[in-house]
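Worksheet: the structure to be examined is printed underneath.
The values are calculated or read from the model by the stated rules, or taken from the named source; none is laboratory data. For clarity, every value in this text was computed on a predicted model and none was experimentally measured. Note that we place each Cβ from the backbone using ideal geometry, even for glycine, and neighbour counts take in every protein chain shown.
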């Protein structure tokens, strides 16, 4: 924890060098910690910015709003339109680039209009070695990454978030719903809504760390090892919920859930353990 504290100090120094910041904020582990840290350093000169995307579930958005309120942060929301972009809909392996381009275009435009010095993201040190086409969009829009610059890892951010009393410290990773759709399969509002309904239903059944992957009529559930017994205990209710969400068949992946499986399948990152 001593090293993590030193890195946090470096992130504080970086934020303190800026007159004001607009935090690209989703309510996830990293952006929540960055918002808290920015507020701690800059006070009201740190503003949260959230793009209202079709790929973000309603309960995630409400959680982000609630946390921003609890931190006393000004929270700006603007509708994003990546779902109207044919390049995003096409869902090639660089889909995230078009989504982040929309986000950062909105954020930098707002920051400039308000006279806010910089847009900052919650990108961490681990993200820099992963497949992240969105980082190209960030670079093109001069978005800063104070946590990555301080070499803070995801695990360290979780530990520091816990020490700060943030409820997100143990929140499961929750990338956008489009990441549940295999590359090459079009992203549509209907499919995103279907996935949102399916995952909300499974969360209501007590699952926390899982994904529902879209394969046409088939929903493939990836679940963490620790939660497999829970899923099996509610399998009848889960299957019913997935049918109600619009899937014809429900399946459970024999491999445990881990983030980035679609990138592995597409050959964009090495297979875990290889």
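Quick check: anything in the stretch 6-21 outside any helix (DSSP H, G or I) and free of Cβ contacts under 8 Å to residues at least 12 places away in the same chain?
Within the stretch 6-21, one or more residues are outside any helix (DSSP H, G or I) and free of Cβ contacts under 8 Å to residues at least 12 places away in the same chain.
Being touching a residue at least 60 places away in the same chain (Cβ under 8 Å) and either part of a loop (DSSP other than H, G, I, E, B) or surrounded by fewer than 21 Cβ atoms within 10 Å (Cβ to Cβ) (or both) is the filter here; which residues of the stretch 85-107 pass it?
89, 90, 91, 92, 93
Applying the selection to the stretch 109-143, what residues are part of a strand (DSSP E or B) and within 19 Å of residue 99 (Cβ to Cβ)? Quick ask: steps written out before the conclusion?
Just the residues of the stretch 109-143 that are part of a strand (DSSP E or B), to begin with: 118-120.
119, 120, listed by residue number.
Within the stretch 28-44, can one find any residue that is surrounded by 21 or more Cβ atoms within 10 Å (Cβ to Cβ), assigned by TED's automatic domain parsing to the domain that holds residue 158 and not in a helix (DSSP H, G or I)?
So far as the stretch 28-44 goes, no, none of its residues is surrounded by 21 or more Cβ atoms within 10 Å (Cβ to Cβ), assigned by TED's automatic domain parsing to the domain that holds residue 158 and not in a helix (DSSP H, G or I).
Here's the yes/no breakdown for (1) farther than 30 Å from residue 86 by Cβ; (2) surrounded by fewer than 18 Cβ atoms within 10 Å (Cβ to Cβ); (3) assigned by TED's automatic domain parsing to the domain that holds residue 54; (4) more than 18 Å from the chain's Cα centre (by Cα):
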| residue | (1), (2), (3), (4) |
| --- | --- |
| 182 | no, yes, no, no |
| 196 | no, no, no, no |
| 200 | no, yes, no, no |
| 205 | yes, yes, no, yes |
| 218 | no, yes, no, yes |
| 222 | no, no, no, no |
| 245 | no, no, no, yes |
| 250 | yes, no, no, yes |
| 256 | yes, yes, no, yes |
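Inside the stretch 166-180, can you point out the residues that are assigned to a loop (DSSP other than H, G, I, E, B) and within 15 Å of the chain's Cα centre (by Cα)?
Within the stretch 166-180, 171, 172, 173, 174, 175, 176 qualify.
Kindly evaluate residue 73 against the criterion of being surrounded by fewer than 22 Cβ atoms within 10 Å (Cβ to Cβ), closer than 25 Å to residue 9 by Cα, at pLDDT 95 or above and touching a strand residue (DSSP E or B) at 6+ places or on another chain (Cβ under 6 Å).
When the stated conditions are applied, residue 73 passes them.
Is there a residue being assigned by TED's automatic domain parsing to the domain that holds residue 21, buried (at least 18 other Cβ atoms within 10 Å of the Cβ) and either over 20 Å from residue 14 (Cβ atoms) or out of contact with any strand residue (DSSP E or B) (no Cβ under 7 Å at 6 or more places or on another chain) (or both) anywhere in the stretch 108-120?
Scanning the stretch 108-120 turns up no residue that is assigned by TED's automatic domain parsing to the domain that holds residue 21, buried (at least 18 other Cβ atoms within 10 Å of the Cβ) and either over 20 Å from residue 14 (Cβ atoms) or out of contact with any strand residue (DSSP E or B) (no Cβ under 7 Å at 6 or more places or on another chain) (or both).
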